[in-house]
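Taking it in order: structure first as structure tokens, then the write-up.
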């Protein structure tokens, strides 16, 4: 990913939230996923490339995240996906919620990895199924109360 797409995250920096200003450089990499730690040349603050994205503070590696979405897009259910990768079903649900929350970032991630190829229709359909099921279960639980 090009560094020009990252803005400075420091609100007191003159280049705050400006993309393409040429002020962002790679500082180092960290963690199991080798996430890039970026530095702003203007103010000297460092920040993670994941700051402000749905993958911030994620403990799963990129391959596992990709496999979760790939399995769900093939039509596997939440429980089946969780069993297949030895995860909690809540973890699988979390990644579905993340895709709903920041759709474009997740779509870009899946397209870069070749999981989604024909636009966003596959992912939209998956999220629509998930939200409709979730709303139905919420209505059922409210009726039981």
Go ahead and estimate [θ] at 222 nm for the chain from helices alone: -39,500 (n - 2.57) per DSSP H run with n ≥ 4, summed, over the residue count, rounded to 500. -15000 deg cm²/dmol
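Going by a ≥ b ≥ c, the root eigenvalues of the Cα gyration tensor, does the range 60-102 fall in the rounded group (a/c under 1.5), the prolate group (a/b larger than b/c) or the oblate group?
rounded
Values in this text are rule-based calculations from the coordinates and carry no lab data. Worth saying up front: this structure is predicted, and the values here are computed from it rather than measured.
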